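First up is the structure itself, then whatever we jot down about it.
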Amino acid sequence: AITVVVEAMYAIEYPPIDDDLARGAGYDDLAALRKAITDKLEDAARKAVREKRMDALYDQLLEHNPFSLPDALVQEKAQATQQYIAQMMAMQGMQEEQLKELMESSSESTLRSSQRGLKISHLISSIAKKEKIEVGDDDREIAMRLESQHHGMPLPRVRARYADEKAKTMYTSIRIGF
């Protein structure tokens, strides 16, 4: 027989959902908080629908335009992606052993997604070149503002990220819609 002694019991007490809660979260009142939450949920749903449509479009582009890429190019992209993920996870406190397991378990999917991304980038760039679609400074500015809003990052910081060497990559990303 096992004997268990309960020394303490705790219950979570949630604050009332009212104007005081909303003000504590930085809103004028409960209606403003509800509107902000609704707007964020609707925005997330719109983004999910757009992403699904873009994926379907990319699938069709890839299906109708098959080609292969040099293995070294795909490996290099996959390795860079995994290094970036490892750095982000390490900064969040993930232990070295966990990082190693994550990298091993995700290597195949990272390779596939790297190949897909490179192929999509190549196809979109080719289409843009053939159709003479140019990405200008106004497009670049809009993309940086959107990224700033999406990630909650100050616009000057986003601009600094894309200064000089990343500018060409950003133009390609804008054409692709990433």
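The values are calculated or read from the model by the stated rules, or taken from the named source; none is laboratory data. Please read all numbers here as calculations on a predicted model, not as lab measurements. Counting neighbours? That spans all protein chains shown, and the Cβs are built from the backbone with ideal geometry, glycine included. The accessibility values were calculated without ligands, DNA or RNA, using every heavy atom of the protein model including side chains. Shrake-Rupley method; radii C 1.70, N 1.55, O 1.52, S 1.80 Å.
Report whether or not residue 36 is surrounded by 14 or more Cβ atoms within 10 Å (Cβ to Cβ), at pLDDT 95 or above and out of contact with any Leu (no Cβ under 9 Å at 6 or more places or on another chain). When the stated conditions are applied, residue 36 passes them. Return a yes/no flag: does the range 102-123 have any residue that is of a type outside the set (A, V, I, L, M, F, W, C), at pLDDT 90 or above and not in a helix (DSSP H, G or I). For the range 102-123, residues of a type outside the set (A, V, I, L, M, F, W, C), at pLDDT 90 or above and not in a helix (DSSP H, G or I): absent.
Quick check: is even one residue across the range 86-96 surrounded by 11 or more Cβ atoms within 10 Å (Cβ to Cβ), at pLDDT below 90 and not in a helix (DSSP H, G or I)? No - not one qualifying residue is present in the range 86-96.
Across the range 128-178, the qualifying residues are those that are modelled with pLDDT of 85 or more, among the basic types (Lys, Arg) and part of a helix (DSSP H, G or I), and the one among them that is nearest to residue 44 (Cα to Cα) is 145.
Of all residues in the range 45-85 being basic (Lys, Arg) and open to solvent by less than 100 Å² (accessible area, probe 1.4 Å), which is farthest from residue 109 (Cα to Cα)? Once the filter is applied, the top-ranked residue is 47.
Do we have residue 21 as within 21 Å of residue 149 (Cβ to Cβ) and either open to solvent by less than 100 Å² (accessible area, probe 1.4 Å) or of a type in the set (A, V, I, L, M, F, W, C) (or both) here? Against the criterion (within 21 Å of residue 149 (Cβ to Cβ) and either open to solvent by less than 100 Å² (accessible area, probe 1.4 Å) or of a type in the set (A, V, I, L, M, F, W, C) (or both)), residue 21 does not qualify. The residues in the range 58-95 that are in contact (Cβ under 8 Å) with a residue 60 or more places away in the chain and over 20 Å from the mean Cα position of the chain (by Cα) can be counted, and the count is 2.
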